[in-house]
Amino acid sequence: MFRFSRGLVAALALGACLAGCAPSKPRAPQTFQIVVDKMAFGPAPVDLHVGDTVQWVNRDMFQHSATSKTGDFDVELPPGVTGSAVMKQGGTILYNCRYHPDMKGQLSVTP
Amino acid sequence: MYRPLIAAAASVMLVATAAYAQSAKPNDAQIAHIAYTAGNLDVAAGKQALAKSKNADVRAFAQEMVRDHTAVNEKALALVKQLHVTPQDNPTSQALTKQANATLARLSKLSGAAYDKAYVDNEVAYHKTVNGALRTVLIPDAQNAQLKSLLQTGLTLFTEHQTHAEQLDAKLK
């Protein structure tokens, strides 16, 4: 009575996979770290997407900030502190340190 | 007849010059003292600015000078302690101190926009001088690798401060 035809099982399995395994499934948000030391931002993460979090780990003895030129984020980084921001929009984001404007960084965020 | 004498005199002078150059090279204890003194003098200038200036940009700059130079000097003190080096006073430190004290005295008589301009002008000049000394003498002559590395960070910091001071100076004109 409860036996399904093979065809129905296959169709259900395919349907489940289409819903669950399709390539359009959103990637789980990830967290990337950028080390700040000796008056410089470390290298930018390579696979950064909207919704991901960037953490700046300030290992320097100085107070810094990660301040985006477009106002996307403005993270205060006292010495020894880690601060973070969630990437809200795609594209290239230029940022620098508010206190040491020649300290520059760049993020490439996939939409 | 006089040729050998002249030649001898010339060679004595050469040796003397070489010996002078040798002795004029600062050792690590002197280099640490110069770097620490240079930072401390800028902290003192920043504190004077915080007591006298009402300009928000000038105050933010002065706060940055006090904060950054205090931080690097704390590292320097920890490093010399770790290396068992006692910073040694020397003519360069003394000349820097003498000049900075004269500047503090001169600036103390000014107020308002005149003070702000004079303070920032001096910060540009001061950072230029210290950067030059770090680049050409202190970093190349430092023997200890950790001291050299700290001085290099100091040079990046001072260069950044010089840029900041120049930007601020242009704004005050």
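Of the residues that make up segment B:107-124, is at least one under 21 Å from B:Asp68 (Cβ atoms), among the aromatic types (Phe, Trp, Tyr), away from chain A (no Cβ under 14 Å) and within 12 Å of the chain's Cα centre (by Cα)?
Among the residues of segment B:107-124, not one is under 21 Å from B:Asp68 (Cβ atoms), among the aromatic types (Phe, Trp, Tyr), away from chain A (no Cβ under 14 Å) and within 12 Å of the chain's Cα centre (by Cα), which makes the answer no.
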Quiz item: Filter segment B:75-105 for residues that are over 16 Å from the mean Cα position of the chain (by Cα), assigned to a helix (DSSP H, G or I) and not aliphatic (A, V, I, L, M); which is farthest from B:Ala38 (Cα to Cα)?
Solution: B:Gln82
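With respect to B:Gln63, determine if the residue is within 13 Å of B:Ala38 (Cα to Cα) and either assigned to a helix (DSSP H, G or I) or aliphatic (A, V, I, L, M) (or both).
Details: within 13 Å of B:Ala38 (Cα to Cα): no; either assigned to a helix (DSSP H, G or I) or aliphatic (A, V, I, L, M) (or both): yes.
So B:Gln63 fails the test.
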Exercise. State which residue pairs qualify: first residue loosely packed, with under 12 Cβ neighbours inside 10 Å and inside segment B:89-115, second residue outside any helix (DSSP H, G or I) in any location, beta carbons under 8 Å apart, and separation of 6 or more residues or different chains.
Key: B:Gly112/B:Lys54
Practice problem: Look through segment B:26-72, keep the residues that are farther than 21 Å from B:Asn122 by Cα and not β-branched (Val, Ile, Thr), and return whichever of them is surrounded by the most Cβ atoms within 10 Å (Cβ to Cβ). | Solution: B:Ala32
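Where in segment A:70-111 are there strands (runs of 3 or more DSSP E), lying wholly inside it, with at least 1 residues that are more than 14 Å from chain B (Cβ to nearest Cβ), surrounded by 18 or more Cβ atoms within 10 Å (Cβ to Cβ) and out of contact with any Gly (no Cβ under 8 Å at 6 or more places or on another chain)? Spell out the reasoning first.
On the way: elements: A:74-77, A:82-86, A:91-96, A:104-109.
Strands (runs of 3 or more DSSP E) meeting the threshold: A:82-86, A:91-96, A:104-109.
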Self-check item: Residues (more than 10 Å from every other protein chain (Cβ to nearest Cβ) and either surrounded by fewer than 16 Cβ atoms within 10 Å (Cβ to Cβ) or not aliphatic (A, V, I, L, M) (or both)) located in segment B:140-157
Solution: B:Pro140, B:Asp141, B:Gln143, B:Asn144, B:Ala145, B:Gln146, B:Lys148
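Does B:Ala71 qualify as being under 19 Å from the mean Cα position of the chain (by Cα) and not basic (Lys, Arg)? Spell out how you get there, then give the answer.
Values: under 19 Å from the mean Cα position of the chain (by Cα): yes; not basic (Lys, Arg): yes.
So B:Ala71 passes the test.
Specify which of the listed residues (B:Val120, B:Val137) is crowded, with 18+ Cβ neighbours inside 10 Å, of a type outside the set (Ser, Thr, Tyr) and in a helix (DSSP H, G or I). Talk me through it step by step, then tell me what you get.
Working: B:Val137 fails: crowded, with 18+ Cβ neighbours inside 10 Å.
Result: B:Val120 is the single residue among B:Val120, B:Val137 that is crowded, with 18+ Cβ neighbours inside 10 Å, of a type outside the set (Ser, Thr, Tyr) and in a helix (DSSP H, G or I).
Return the residues of segment A:26-62 that are away from chain B (no Cβ under 14 Å) and among the aromatic types (Phe, Trp, Tyr); say none if nothing qualifies.
In the first step, residues of segment A:26-62 are kept if they are away from chain B (no Cβ under 14 Å); the result is A:26-35, A:42-57.
Hits for segment A:26-62 are A:Phe32, A:Trp56.
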Self-check item: Single unsatisfied condition, B:Met65 versus (1) modelled with pLDDT of 95 or more; (2) more than 24 Å from B:Lys52 (Cα to Cα); (3) of a type outside the set (Ser, Thr, Tyr)
Solution: (2)
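The values are calculated or read from the model by the stated rules, or taken from the named source; none is laboratory data. Since the structure is predicted, the reported quantities are computational estimates derived from the model, not experimental observations. Note that each Cβ is placed from the backbone with ideal geometry, even for glycine, and that neighbours are counted across all protein chains shown.
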